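This report concerns only the one structure given below.
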Amino acid sequence: MTSEIIGVTLQGVDPPARFTGMVREIELMGYDHLWITDSSLHARDAFVYLTLAARESERLQLGTNCTHPHTRHPAVTANALASVNEVSGGRAILGVGAGDSPVEELGKPLAKLSEVRSMVDFTRRLYSGDRFDYSGTHFTVHNGQLHYGLDGVRPPKIYMTASGPKMLELAGAVADGVIVHCGVFPEGLEFATGHVRRGAEAAGRDFADIDFAWQVFGVLDEDLHRARDAARPMAAWFPLRSPLYCGLAGVPVDLADQIRDVYSGGEFHEAVRAHELTTDDMVDKFTITGGTAIWKERLAMARDFGVSHIELFGLGDRMELYADLAAKVFNR
């Protein structure tokens, strides 16, 4: 439906020449957003690839999904994104979050709630053009100011990637938008929307003013057995990184524990032993997997919760998936 916001995520795993062609294709498919993962050593640099995307597109909103307080000094990250914003004519979004395995590979812990909040507040002040000292618990700046990248364009918006209750509430309180990982089942969406709403209300904000973006992992294939097998890597990721949703989805505690115990690999697709333990029910609740009818059914469920912004993280051949979904599901 054209009234919806639909975006896609890519990782910087393709060579630059191939990637720039993908960006052009994604814009032609009619998508609204393109996000690049800030995957440390697991992919090419997110800001270089966002700059390439800015030069190869005219309409796409471009963002990090997501960057992290520990990967770089937040002032350096803010400056990098402001530069992308200038190159793109004001189309850049800074997406921040607690982090995942690419951050741990650098010897850094997942960010605490207070660290993410400090990064959001500090970055927004930089984007206002202020010159200021900042001496926080997690980082400092002396007489800091962005000297370039703010003139003639709107400041970048700031989104948070979130799944847990406190991070969801923080997003509702301080962010322009939130990219939510909550599975594709009603209890997960009810939990996520409820906590973003709670955070917004506590901060005196209107939930409707926050761009709630539902991140969907999935496979489009009319062969359900083959589709489920392709989606098992992401189903195995939920017990590792979002165990709360396993409880909401009715995954037995001993099974979730077993999957976590055998999970290994720098990226989710490498944890083969964990994939083998996932059930069909887990795949169906944590990913949209199957044919066109299943995709339309899950999307209709989300619309019943008021979701009008969908972000796609394709499993398998992403470009084939994004093209098929644009044509067969979203009618773009």
- prompt: Residues LEU126, LEU168, LEU146, LEU150: which one is within 28 Å of ARG241 (Cα to Cα) and in contact with a helix residue (DSSP H, G or I) (Cβ under 9 Å, 6 or more places away or on another chain)?
  reply: LEU168
query: For GLN61, which of the numbered conditions (1) at pLDDT below 95; (2) in contact with a Ser or Thr (Cβ under 9 Å, 6 or more places away or on another chain) fails to hold?
result: (1)
message: Only one of ALA43, ALA53 is farther than 18 Å from ILE310 by Cα and buried (at least 22 other Cβ atoms within 10 Å of the Cβ). Can you tell me which?
response: ALA53
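For every residue, the table says whether it meets (1) crowded, with 16+ Cβ neighbours inside 10 Å; (2) among the aromatic types (Phe, Trp, Tyr).
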position: GLY136; (1), (2): no, no
position: TYR159; (1), (2): yes, yes
position: ALA171; (1), (2): yes, no
position: VAL174; (1), (2): yes, no
position: VAL180; (1), (2): yes, no
position: GLY204; (1), (2): no, no
position: PHE217; (1), (2): yes, yes
position: ALA227; (1), (2): yes, no
- prompt: Within segment 226-234, is even one residue within 18 Å of the chain's Cα centre (by Cα) and aliphatic (A, V, I, L, M)?
  reply: yes
- request: Any residue in segment 153-166 that's closer than 20 Å to SER114 by Cα: show its pairings with residues that are hydroxyl-bearing (Ser, Thr, Tyr) and assigned to a loop (DSSP other than H, G, I, E, B) at Cβ separation under 9 Å, as long as the two are six or more apart or on different chains.
  value: SER163/SER242; GLY164/SER242
query: Take the residues of segment 83-134 that are surrounded by fewer than 21 Cβ atoms within 10 Å (Cβ to Cβ), closer than 18 Å to ALA43 by Cα and touching a Ser or Thr at 6+ places or on another chain (Cβ under 7 Å): which is modelled with the highest pLDDT?
result: LEU106
- prompt: Could we say that VAL253 is surrounded by 14 or more Cβ atoms within 10 Å (Cβ to Cβ) and among the β-branched types (Val, Ile, Thr) here?
  reply: no
message: Condition first: over 12 Å from GLY218 (Cα atoms), in contact with an Asp or Glu (Cβ under 9 Å, 6 or more places away or on another chain) and part of a loop (DSSP other than H, G, I, E, B). Now tell me which residues in segment 294-330 satisfy that.
response: PHE305, VAL307, SER308, PHE330
query: If you check every pair at least six apart or on different chains, which have Cβ atoms under 7 Å apart with a residue in segment 129-147 that is among the acidic types (Asp, Glu) first and a residue that is in a strand (DSSP E or B) and surrounded by 10 or more Cβ atoms within 10 Å (Cβ to Cβ) second?
result: ASP133/VAL141
message: If I filter segment 229-250 down to residues being among the hydrophobic types (A, V, I, L, M, F, W, C) and more than 24 Å from ILE36 (Cα to Cα), which single residue comes out as surrounded by the most Cβ atoms within 10 Å (Cβ to Cβ)?
response: CYS246
statement: So, first residue farther than 13 Å from SER88 by Cβ in segment 24-51, second residue in a loop (DSSP other than H, G, I, E, B) and among the charged types (D, E, K, R), Cβ within less than 7 Å, six or more apart or across chains; the pairs are MET29/ARG332; GLY30/ARG332; SER40/GLU105; LEU41/GLU105; HIS42/GLU267; ALA46/ASP38
field: Per-region count, segment 281-313, residues crowded, with 20+ Cβ neighbours inside 10 Å and either hydroxyl-bearing (Ser, Thr, Tyr) or modelled with pLDDT under 95 (or both)
entry: 2
message: For segment 196-207, give me the residue count where each residue is of a type in the set (A, V, I, L, M), in contact with a helix residue (DSSP H, G or I) (Cβ under 6 Å, 6 or more places away or on another chain) and assigned to a helix (DSSP H, G or I).
response: 2
Members of segment 22-44 found to be part of a loop (DSSP other than H, G, I, E, B) and at negative phi, listed by number: TYR31, ASP32, THR37, ASP38, SER39, ALA43, ARG44
query: Under the condition of being part of a loop (DSSP other than H, G, I, E, B) and free of Cβ contacts under 8 Å to residues at least 12 places away in the same chain, which residue from segment 244-264 is nearest to LEU189 (Cα to Cα)?
result: PRO252
query: Can you name the residue in segment 141-154 that is farther than 12 Å from ASP130 by Cβ and within 26 Å of the chain's Cα centre (by Cα) and, of all such residues, is surrounded by the fewest Cβ atoms within 10 Å (Cβ to Cβ)?
result: ARG154
- request: Scan segment 172-195 and give yes if some residue there is touching an Asp or Glu at 6+ places or on another chain (Cβ under 6 Å), part of a helix (DSSP H, G or I) and under 26 Å from PHE305 (Cβ atoms), otherwise no.
  value: yes
field: Sole residue being in a helix (DSSP H, G or I), in contact with a Phe, Trp or Tyr (Cβ under 8 Å, 6 or more places away or on another chain) and at pLDDT 95 or above, chosen from PHE19, PHE47
entry: PHE19
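The values are calculated or read from the model by the stated rules, or taken from the named source; none is laboratory data. Model, not experiment: these values are computed from the prediction. Cβ sites come from the backbone with ideal geometry, for glycine too, and all protein chains shown count toward neighbours.
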